[in-house]
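The next block holds one structure in the form of structure tokens; read it before the comments.
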Amino acid sequence: MTTLQSVPALGTHPAAGSLPSRAETREQLSKATYDLLVIGGGILGISTAWHAAQSGLRVALVDAGDFAGATSSASSKLLHGGLRYLQTGAVKLVAENHFERRAVSRQVAPHLANPLTFYLPVYKGGPHGAAKLGAGVFAYSALSAFGDGVGHLLSPAKAAQDVPELRTDNLKAVAVYGDDQMNDARMALMTVRAAVAAGATVLNHAEVTGLRFTRGRVTGAELKDRTTGDEFGVDARLVLNATGPWVDHLRRMEDPNAAPSIRLSKGAHLVLKRTSPWKAALATPIDKYRITFALPWEDMLLLGTTDEEYEGDPGQVEVTEKDTAQILDEAAFSIRDQQLSRDLITYSFAGLRVLPGGPGDTSKAKRETVVTEGRGGMLSVAGGKWTTFRHIGRTVMKKLESLPGHPLGEDYEPVSTLPKRLPLPGIANPNAVAHRLLVDGPAPGPRMAADTAKHLATHYGSLSFDIARMANENPELARRIHPDAPEIWAQVAYARDHEWAETADDVLRRRTTLTIRGLATDEIRAEVESMLRK
């Protein structure tokens with residue numbers, strides 16, 4: 001059993017210092033020479049910057065948009081072993097995924113991840129039989145050392161009690177297994193904080209306009225601050241291209257003749273209001289390889305995902321009417337119509353999976369990480385799964401260690417010697433944090449609402465006390481942003497001062513849940529933008 005750090009009383013938690021200004025960060029980036037410049041603030045770049053900084057390297061991380069602003073905040077929000085990989089015999093991969101999932105959800109970020117029970121319905125005429133799925137979920141749980149219980153079969157009647165909207169017509173059985181769930185944007189932001197705590201310098205909304213070369217080697221980048229228009233540059237001994245769907249765009253800056261290295265697959269999701277509480281998620285087989293998910297998430301219902309090849313501009317990916325119809329049609333295999341009304345949709349989003357280049361159906365392609373070195377010495381990393389973000393960071397660092405001609409300095413500590421389960425900031429038992437927020441508020445004055453306390457605890461962990469202190473000192477910041485959401489205005493000020501929020505979307509889409517709930521009104525956006533300028 002993991003022992004989490006004790007939860008301090010509300011008045012005793014040490015406050016975090018405010019971030020340096022963008023001007024100060026730009027000056028720091030332009031004056032120093034870094035061991036490693038990471039271009040791309042998705043989870044792969046963030047994880048690599050975190051591990052590199054832990055190893056003693058001088059690290060800079062930049063992104064043209066927000067941290068986790070694209071694919072990394074458009075996932076299915078799961079930390080999972082990958083049940084469908086058993087279908088292809090990838091037993092070792094599932095075991096490795098489970099190891100990483102358990103490490104993140106138990107030791108690294110228990111305040112940001114929560115266990116989720118999955119029901120896999122077996123319908124008459126479906127692609128898989130009950131016996132096969134029963135054996136599959138048992139094997140799946142065995143590969144996780146039965147840490148989430150033993151995979152088994154459940155009666156349709158019992159499953160319908162936990163998921164009231166479950167279709168029971170022709171339902172023969174329900175297979176049960178366990179995985180974990182997260183808010184991907186929050187997990188990414190906490191990993192940025194961990195990288196900065198380890199010594200990394202970071203800047204979002206900073207676009208790379210060109211690469212710097214020394215005797216044919218890539219030794220930095222030219223950048224433009226998208227918020228001010230200021231131009232500056234960064235020098236580095238090694239540059240890592242972790243730009244996800246844009247990885248080949250940057251490779252062509254290094255070498256105009258670089259051949260394509262990846263292909264893209266679009267995954268779309270819908271967010272709906274729930275018509276009743278769900279105690280479990282649904283994972284419904286569509287065919288031999290594909291599963292569609294219905295996940296209780298952030299008090300909503302998350303449906304998806306699609307999987308189709310994408311060849312357009314990565315910055316223009318969006319959910320189409322075809323995507324919406326497909327997601328709702330596939331969800332209707334196992335969910336009753338009243339939960340699938342289009343009137344319940346509050347938000348939709350699409351992300352791009354980065355897959356190794358090559359032919360074939362994207363739904364059957366391996367979700368593997370590819371690390372390549374270009375003619376100018378720039379490393380490019382692409383692909384992989386959210387669940388294994390720590391493993392990918394370590395993999396990239398091992399690649400750096402093996403490169404000839406790239407000495408990493410006498411202070412470098414090999415990644416193999418780093419702590420295996422270093423926690424993310426705010427680690428604490430979220431139930432204990434929520435309880436302390438409710439009982440330790442100062443009197444006189446209103447107590448914090450229970451849903452706000454729970455929300456803070458599961459999105460910030462013990463850092464919630466910094467937000468609570470801001471609300472206690474300024475009653476205006478204790479107000480709810482919207483009456484139908486748990487967030488308070490102190491979170492906006494906190495996002496501005498401690499989490500690199502520069503735009504209303506940074507706050508409403510990635511640092512809070514207002515956008516996904518369909519509550520980011522024009523009035524709220526205007527007030528958020530006003531607060532960000534203070």
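The values are calculated or read from the model by the stated rules, or taken from the named source; none is laboratory data. Please read all numbers here as calculations on a predicted model, not as lab measurements. In this analysis, Cβ positions are derived from the backbone assuming ideal geometry, glycine residues included, and neighbour counts consider all displayed protein chains.
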Checking the structure you have, find out if any residue of the stretch 314-324 is in contact with a Leu (Cβ under 7 Å, 6 or more places away or on another chain), modelled with pLDDT under 95 and either surrounded by 17 or more Cβ atoms within 10 Å (Cβ to Cβ) or not in a strand (DSSP E or B) (or both).
no
Of all residues in the stretch 508-534, which are farther than 12 Å from Gln491 by Cα, among the aliphatic types (A, V, I, L, M) and surrounded by 15 or more Cβ atoms within 10 Å (Cβ to Cβ)?
Ile516, Leu519, Ala520, Ile524
Scan the stretch 402-413 for residues that are surrounded by 14 or more Cβ atoms within 10 Å (Cβ to Cβ) and either modelled with pLDDT under 85 or acidic (Asp, Glu) (or both) and jot them down.
His406, Leu408
Looking at the stretch 130-144, can you tell me whether even one residue there is of a type outside the set (D, E, K, R), within 25 Å of Ile516 (Cα to Cα) and surrounded by fewer than 17 Cβ atoms within 10 Å (Cβ to Cβ)?
no
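Matching residues to (1) of a type in the set (Phe, Trp, Tyr); (2) within 30 Å of Gly178 (Cα to Cα):
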position	(1), (2)
Val218	no, no
Val234	no, no
Gly244	no, yes
Asp248	no, no
Asn257	no, no
Ile262	no, no
Asp287	no, yes
Phe293	yes, yes
Whether any residue in the stretch 376-397 is surrounded by fewer than 17 Cβ atoms within 10 Å (Cβ to Cβ) and either at pLDDT 90 or above or assigned by TED's automatic domain parsing to the domain that holds Val108 (or both) is what I want to check.
no
Any chance the stretch 165-178 includes a residue that's within 30 Å of Asp66 (Cα to Cα) and of a type outside the set (Val, Ile, Thr)?
no
Quick one: how many residues across the stretch 130-155 are part of a helix (DSSP H, G or I) and of a type in the set (Phe, Trp, Tyr)?
2
Return the residues of the stretch 330-345 that are buried (at least 21 other Cβ atoms within 10 Å of the Cβ) and in a loop (DSSP other than H, G, I, E, B); say none if nothing qualifies.
Ser334
Residue check for Val163: within 17 Å of the chain's Cα centre (by Cα), touching a residue at least 60 places away in the same chain (Cβ under 8 Å) and surrounded by 17 or more Cβ atoms within 10 Å (Cβ to Cβ)
no
Exactly one of Ser462, Ser416 is touching a helix residue (DSSP H, G or I) at 6+ places or on another chain (Cβ under 8 Å), in contact (Cβ under 8 Å) with a residue 12 or more places away in the chain, crowded, with 23+ Cβ neighbours inside 10 Å and hydroxyl-bearing (Ser, Thr, Tyr), and that one is Ser462
